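Q: Take this structure, written in structure tokens, and hold onto it; I'll ask about it next.
The values are calculated or read from the model by the stated rules, or taken from the named source; none is laboratory data. All values derive from a computational prediction rather than experimental measurement. Methodologically, a virtual Cβ is constructed for each residue, glycine included, from the backbone with ideal geometry; neighbour enumeration extends over all protein chains shown. Accessible surface is based on the protein model in full, side chains and every heavy atom, while ligands, DNA and RNA are left aside. Shrake-Rupley method; radii C 1.70, N 1.55, O 1.52, S 1.80 Å.
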Amino acid sequence: MAATDQLIEGLTRNLQPVKPLRKPGLRAALWSGFATLVIAIIAAVGGSRADLAHALPEVTFFVPLIGSWLTGVTAAVAAFQVSLPDRSRHWLWLPAVPILLWGTGFAVSCFSNPGDILASLALLPESACLLTIVLTSAALLVVLLPMLRRVKTLRPRLTAWLGCLAVAGFADTAHLLVHTEQDSLLALTVNLAPALALVVLGGLAGRKAI
Amino acid sequence: MNDGPKTETAQPTRPPEADWSVLMARGQQGDAASYRRLLQGITPYLRALAHRFGLSGPDLEDAVQDVLLTVHSIRHTYDPTRPFAPWLTAVARHRLLDRLRRRVRQIGRETELTEAHETFAAVETNHPELAGEAGRLKAAIASLPEGQRRAVEMLKLKEMSLKEASQASGQSETALKVSVHRAIKRLRVLLGGAQGGQ
């Protein structure tokens, strides 16, 4: 008990003021706003797909587009919420419906025009679409990682996993806006493989990264 | 103002949330007196909580200290507009469960010694840390001045980081480095001298 008293004395001796974190919803909104801005810049600089106005009303394009963007937003909210010790783990389920929209939306259109899955996988490393996803993910991670690390969360793995899911969602929104080939297995592979890789990486490396 | 539960019981008494919330908010602003009252106030509550997790003796006190260090290092995550008790309880539960998981893993890897493992009746035979090099090192560390001994214990024996040791002792990181450097120099002399200057 004397050691505990000494510890308290030590902790209070040179106490420095700390600034409480902003509300998790606000932090998620700030980052999601930044992510949306990055997507807009990529679409403006890289050139959005020529048939965007024509494609937007189509369910097979609109549903995955809005699903991926909503996955990014809801996963970001969930990541900032679960990073705090007194918030429920059930925030984890917030992105569930957007993920369903995102995944099934274009999976249906892709499987209606299957093509060759092995040929699609072989093309993946040379794909320009992949470059868009990797660059967008890198830009978003650079900002998100310090924001999450600042929390010093007690749930690093779950927080990192949700953070990576948010990045994957926004990165795919950028990809959908820029590239036209969205109705083949190549598109399905290019859209989902990096997202899955990122999410798996987040789960595995979360404890060290966050 | 109530500083928290006054008695230690197996059942954590309901914490006075409003008071602790105010004290924590002041602590976040750098008010050391309020922060000390908060930490002293929550300690009995944490002991009771740790007791409910099946901890006792030195293990319980270690767990309480672990929670206090965590509370200190993540105090910026407490939102002063929300009640303090759920935040504190969540932090404590995380740390206590981590400790229990570590303990279960440790127990799973350990094999308890039986009489068959004892070679000779002499204490030194079965407790090698009391004899030989380890015993001499222990005695040499015990003979160090208080500051140097604590620095060695925290940084070398407990393997705390400089930041953690600095927070726990209230000394600056530089002062701790100097203390450890002097302690090791002194230990070399003490142990080397006993070996005939080697």
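Q: Could we say that residue B:46 is outside any helix (DSSP H, G or I) and in contact (Cβ under 8 Å) with a residue 24 or more places away in the chain here?
A: Taking the combined requirement at face value, the residue does not satisfy it.
Q: If you don't mind, another one. For the stretch B:89-144, enumerate the residues that are outside any helix (DSSP H, G or I), modelled with pLDDT under 75 and surrounded by 12 or more Cβ atoms within 10 Å (Cβ to Cβ).
A: Within the stretch B:89-144, B:131 is the sole residue that qualifies.
Okay, residues lined up against (1) modelled with pLDDT under 90; (2) basic (Lys, Arg); (3) under 22 Å from the mean Cα position of the chain (by Cα):
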site	(1), (2), (3)
B:8	yes, no, yes
B:11	yes, no, no
B:15	yes, no, no
B:27	no, no, yes
B:30	no, no, no
B:41	no, no, yes
B:57	yes, no, yes
B:60	no, no, yes
B:65	no, no, yes
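Q: Same structure, new question: Against the condition open to solvent by 50 Å² or more (accessible area, probe 1.4 Å), closer than 25 Å to residue A:9 by Cα and either touching a Phe, Trp or Tyr at 6+ places or on another chain (Cβ under 6 Å) or in a helix (DSSP H, G or I) (or both), how does residue B:36 come out, does it pass?
A: yes
Q: Could I ask something else about it? Which of the residues spanning the stretch B:159-175 are in a loop (DSSP other than H, G, I, E, B) and surrounded by 15 or more Cβ atoms within 10 Å (Cβ to Cβ)?
A: The answer is B:160, B:170, B:171.
Q: Residues in the stretch B:27-43 that are closer than 16 Å to residue A:3 by Cα, at the interface with another protein chain (Cβ under 7 Å from one of its Cβ atoms) and either of a type in the set (Val, Ile, Thr) or touching a residue at least 24 places away in the same chain (Cβ under 8 Å) (or both): how many?
A: 3
To keep it simple, each residue is scored yes or no on (1) in a loop (DSSP other than H, G, I, E, B); (2) of a type outside the set (Val, Ile, Thr); (3) open to solvent by 40 Å² or more (accessible area, probe 1.4 Å); (4) within 11 Å of chain B (Cβ to nearest Cβ).
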| position | (1), (2), (3), (4) |
| --- | --- |
| A:3 | no, yes, yes, yes |
| A:17 | yes, yes, yes, yes |
| A:29 | no, yes, yes, no |
| A:57 | yes, yes, yes, no |
| A:60 | no, no, yes, no |
| A:64 | no, yes, no, no |
| A:69 | no, yes, yes, no |
| A:74 | no, no, no, no |
| A:77 | no, no, no, no |
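Q: Here are some conditions: (1) without any contact (Cβ under 8 Å) to a residue 24 or more places away in the chain; (2) facing chain A (nearest Cβ under 9 Å); (3) in a helix (DSSP H, G or I). Residue B:79 meets all but one. Which one does it not meet?
A: For residue B:79, the exception is condition (3).
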